[in-house]
Amino acid sequence: MSWAVEEWKEGLSSRVLQKIHELESQVDKLKKERQQRQYQLETLEAALQKQKQKVENEKNESAILKRENQSLMELCDNLEKAKQKISHDLQVKESQVSIQSGQLNSCKKDIEKLEQELKR
């Protein structure tokens, strides 16, 4: 088959044949270069898709972490409110204990006075 491909070249001058050979070599070289670039392009496209998937995964992870963070912040706020309420309740109870302690001391003094009056 190659003889049929080469048949059209018969009768051409050596200078023209040399130029044809140079052009064919250049075509082969360009084909190889094109194949290499096509391979590089495919490799880069695959890498790009991999990076896009990685970015998408990281976005999803980030969204999950943001939701978790928001939930934890709300929990912290609720715990802080509960702490403040408990602290307030404790102050109220301490105040009540102080008042009752004062009342107890007053009652003790009254009892001591009454006991002394009884002894007289």
Which residue, of Gln40, Gln53, Gln35, Gln49, is within 30 Å of Trp8 (Cα to Cα) and open to solvent by 90 Å² or more (accessible area, probe 1.4 Å)? Gln35
Any idea which of (1) among the aliphatic types (A, V, I, L, M); (2) open to solvent by 100 Å² or more (accessible area, probe 1.4 Å); (3) over 51 Å from the mean Cα position of the chain (by Cα) is the one Ile86 doesn't satisfy? (3)
Return the pairs, sorted by first residue and then second, in which the second residue is open to solvent by 100 Å² or more (accessible area, probe 1.4 Å), the first residue lies in the stretch 14-43 and is modelled with pLDDT of 95 or more, the beta carbons are less than 9 Å apart, and the residues are 6+ apart or on different chains. none
Among (1) surrounded by 10 or more Cβ atoms within 10 Å (Cβ to Cβ); (2) in a helix (DSSP H, G or I), which single condition is Arg15 missing? (1)
Can you name the condition, by its number, that Val92 falls short on among (1) modelled with pLDDT under 95; (2) part of a helix (DSSP H, G or I)? (1)
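The values are calculated or read from the model by the stated rules, or taken from the named source; none is laboratory data. Just so we're clear, the structure is a prediction, and the values are computed from it rather than from any experiment. No Cβ is skipped: glycine too gets one built from the backbone with ideal geometry, and neighbour counts run over all protein chains shown. Surface areas here come from the heavy atoms of the whole protein model, side chains and all, with no ligands, DNA or RNA. Shrake-Rupley method; radii C 1.70, N 1.55, O 1.52, S 1.80 Å.
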